[in-house]
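For reference, the structure is listed below as structure tokens.
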Amino acid sequence: MSQSDHHVHLADGVDHQVAMVMDLNKCVGCQTCTVACKTNWTQGGGREYMYWNNVETKPGEGYPRNWEESGGGYESREQAHDSAHGNRREGTIPPQKDYGRAWEFNHEQVMYNGSDEPLRPVDNDPEWGPNWDEDKGAGEFPNSYYFYLPRICNHCTHPSCVEACPRKAIYKRQEDGIVLVDQDRCRGYRYCVEGCPYKKVYYNAVKKTSEKCIFCYPRIEGEGPDGEVRPPSCAADCPPQLRVVGFLDDEEGPIHKLVNEWQVALRLHPEYRTEPNVYYIPPFAPPQHSDDGETLDIDRIPRTYLENLFGDDVHDALDTIERERDKVRRGGSSELMDLLTTTNPAQQYRLEVFEDE
């Protein structure tokens, strides 16, 4: 189903679907979201290599390395011969070296012993790690380019990890569609890791179970120390506030407006056909320049590359955003620009709308 045909489609047995939109034009690659998630959820106990939230540079190999080539998800529409979901695509389990291992750094010497040496891993000659290719990008001077891509579990409408699990240990919650792993049922077979095309399920070799992003559900249930409903840590702690959190089926909320009305929030690799519920506002960049500094009418980030990431509808999305930006530049108003530039938490995080049901 193309983005332009998209309507509110919830998984069977799910009352409402929580979702997130990330504006890639705001991400500065600071990794605050990564640190917030790591601090809350994946410190120690076999989770050292896990980043439930990561921010990778695109173009780039990502985390785990070359995850886009690892298979999983579902057959394409052409392979399935109709619009229904086909069989699951065969996937692979990335080797540990493609995740990178946790490094030890010389914190003691630099921070407490007065050493003048730079902060660096104490491992000898590391060859790969999360975000190894940060800021590398593609292209040649003066038209090189890159952008940052934050990633969490997509809490898909049709999660292939759920279908892959022979013990039904992975499931979607009825109340909000969050995908969770039942740690009592899981036996660590790792079919879920193989089945997820985004490689956002991780194997804990200490516990012998799979683990993944839980969309910070205790926070959105108000189970924190102050008893207030809060968005996931990655969203709340983000300095440029690039994430919008709410429900896909809340027709008055920003998620519904960006995804279904304005159709500028797009799924990452829609061809995997899991129907992610994490969406992205595609990135803009200045046009290319000649060697003499003259502005050229050529996109710095090739539309073909963005199409590879977000599908054919990226063209319409970028054109819509540019049209609305021009309207504001000329002194007009735009609901879309208001949605994308708001700093009002009540508009960014609309999580209590269905509480009275």
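FYI, it's all coordinate maths here, none of it is from the lab. Bear in mind the structure is a predicted one, so any value in this text is a computation, not a measurement. Glycine also receives a Cβ, built like all others from the backbone with ideal geometry; neighbour counts cover every protein chain displayed.
Descriptive notes on the structure:
- Value of [θ]222 nm, deg cm²/dmol, for the chain, DSSP H segments ≥ 4, -39500 (n - 2.57) each, nearest 500: -4500 deg cm²/dmol
- Near Glu140, once Lys and Arg are set to +1 and Asp and Glu to -1 for all other residues with Cβ below 12 Å from its Cβ, the sum equals 0.
- Size of the stretch 201-331: Rg and Dmax of its alpha carbons, in Å, are 19.1, 59.
- Gyration tensor verdict on the chain (Cα atoms; rounded if a/c is under 1.5, prolate if a/b is larger than b/c, oblate otherwise): rounded
- Between Arg325 and Glu252, full extension at 0.36 nm per residue minus the direct alpha carbon distance yields a gain of 24.0 nm.
- Phi-based couplings in Hz for the stretch 17-25 (Karplus 6.51, -1.76, 1.60; Gly and Pro marked x): 10, 6, 8, 9, 10, 10, 8, 5, 6
- The local environment of Arg219, defined by Cβ-Cβ distances under 12 Å, has a net charge of -4 under the rule Lys, Arg +1 and Asp, Glu -1.
- Net charge contributed by nearby residues that have their C-beta within less than 13 Å of Gly73 (K/R +1, D/E -1): -1
- The alpha carbon centroids of the stretch 329-355 and the stretch 249-266 are separated by 11 Å.
- 3J(HN,Hα) along the stretch 288-303: 5, 10, 6, 4, 8, x, 7, 6, 10, 7, 9, 5, 5, 8, x, 4 Hz, from the Karplus curve 6.51 cos²θ - 1.76 cosθ + 1.60 with θ = phi - 60°, whole Hz, x for Gly and Pro.
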